[in-house]
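Take a look at the structure set out below.
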Amino acid sequence: MTAQDSATGTTAIAVTGPGEAPYRAGVTRPQAAADAATKTDAGTAAGTGAGATGGTLLAGLGVIAFSLTFPATAWGLDSFGPWSLVTARCVLAALIAGGFLLALRVPLPDRRHWGGLAVVAAGVVVGFPLLTTLALQTSTTSHAAVVVGLLPLTTAAFAAVRTGRRPSRTFWLAALAGAAVVITFTVAESGGTLQRGDLYLFGALLACAAGYTEGGRLAGHLPGWQVIGWALVFCLPLTLAGGAVALGLEPVEPTVRGVAGLLWVAVMSQFVGLYVWYRGMAAIGIARASQLQLAQPLLTLVWSVALLGERLAPAAPLAAIGVLVCIAVTQRARS
């Protein structure tokens with residue numbers, strides 16, 4: 001993790017963590033940030049080299065963390081109401097992030113980044129967790145995986161509008177094919193019927209795509225952990241107030257599964273997963289990283305069988321092969 005500030009003076013000392021380079025002595029921070037952004041853009045355009053490999057690995061670790069979110073949420077709902085679970089996960093994650101920010105004495109981000117952080121907060125801190133938790137009250141985790149199947153394509157579309165980059169035709173065809181495979185499989189797995197939670201899932205899809213896109217853009221200017229960290233801290237007054245109200249209205253019956261589910265979504269899904277995810281997006285590009293999430297619904301289905309006892313369709317291996325082929329194509333296509 002890296003402590004960064006927006007001062008315009010020069011510096012010879014920087015606090016750095018594994019894999020993060022310090023500022024060069026005698027180079028202004030804005031100049032160093034511009035150099036880093038240029039290198040990130042160059043690495044994204046090339047899509048090759050150690051930086052791309054490391055970025056893909058980080059984004060992949062984020063996908064693994066996210067794939068357990070729905071099963072962990074289902075566990076958490078054993079002990080908490082939906083509003084209590086969401087606010088508790090946000091508060092716990094904000095306290096962890098705030099602790100790191102205080103320990104490293106990280107200054108407030110520049111005002112020009114506040115709008116982007118607000119989008120991240122609305123999309124991935126509050127919007128996606130709340131809407132998917134409400135959906136999982138009536139939907140199975142396999143049905144909820146539909147939203148994750150659509151997320152890579154939606155994120156790529158948001159990124160194209162926000163950053164002005166236009167992925168190649170091959171990229172879009174592979175992304176559409178992968179989304180079609182995932183949607184067909186997950187809808188068939190859920191019986192092909194629409195459920196009451198579908199509206200929540202659709203809203204969660206849009207909120208998360210916007211948050212991922214803006215967070216990936218900000219990760220080119222701030223370390224990934226600071227992007228999600230500041231978004232969580234900025235939401236803390238709202239989530240504390242909401243949690244106090246929710247805990248007074250919803251019953252709480254702690255169980256081992258329920259507490260374990262809460263801890264996973266708070267620590268891994270809400271903070272650690274987003275940290276590695278945003279670092280990965282900064283290294284390989286938003287559109288390309290988003291396509292790694294094509295594997296997420298299938299991983300979620302595996303966890304659903306292992307942790308929740310849900311039935312896995314015989315077509316799962318074929319769907320997995322189809323998704324992996326689409327991922328390989330998008331990783332090689334110009335983005």
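Taking the conditions exactly as written (in contact with a Leu (Cβ under 7 Å, 6 or more places away or on another chain), in contact (Cβ under 8 Å) with a residue 24 or more places away in the chain and buried (at least 16 other Cβ atoms within 10 Å of the Cβ)), does residue 280 satisfy them or not? Taking the combined requirement at face value, the residue satisfies it. Counting residues in the range 206-213 that are out of contact with any Gly (no Cβ under 7 Å at 6 or more places or on another chain), polar (S, T, N, Q), surrounded by fewer than 23 Cβ atoms within 10 Å (Cβ to Cβ) and not in a loop (DSSP other than H, G, I, E, B) gives zero.
Among what's in the range 157-172 and is open to solvent by 40 Å² or more (accessible area, probe 1.4 Å) and in a helix (DSSP H, G or I), pick the residue that is modelled with the lowest pLDDT.
163
Looking across the range 161-190, the residues that are under 26 Å from residue 217 (Cα atoms) and hydroxyl-bearing (Ser, Thr, Tyr) come down to 163, 168, 170. In the range 304-324, which residue that is open to solvent by less than 50 Å² (accessible area, probe 1.4 Å) and in a helix (DSSP H, G or I) is modelled with the highest pLDDT? The extreme case among them is 304. Restricting to the range 247-270, and then to whatever is open to solvent by less than 10 Å² (accessible area, probe 1.4 Å) and farther than 19 Å from residue 100 by Cβ, can you tell me which residue is farthest from the chain's Cα centre (by Cα)? Within the range 247-270, the match that is farthest from the chain's Cα centre (by Cα) is 258.
The values are calculated or read from the model by the stated rules, or taken from the named source; none is laboratory data. Model, not experiment: these values are computed from the prediction. FYI the Cβ positions are ideal-geometry reconstructions off the backbone, even for glycines, and counts take in every protein chain you see. The protein model used for the area step is the full one, side chains on, heavy atoms only, and it has no ligands, DNA or RNA in it. Shrake-Rupley method; radii C 1.70, N 1.55, O 1.52, S 1.80 Å.
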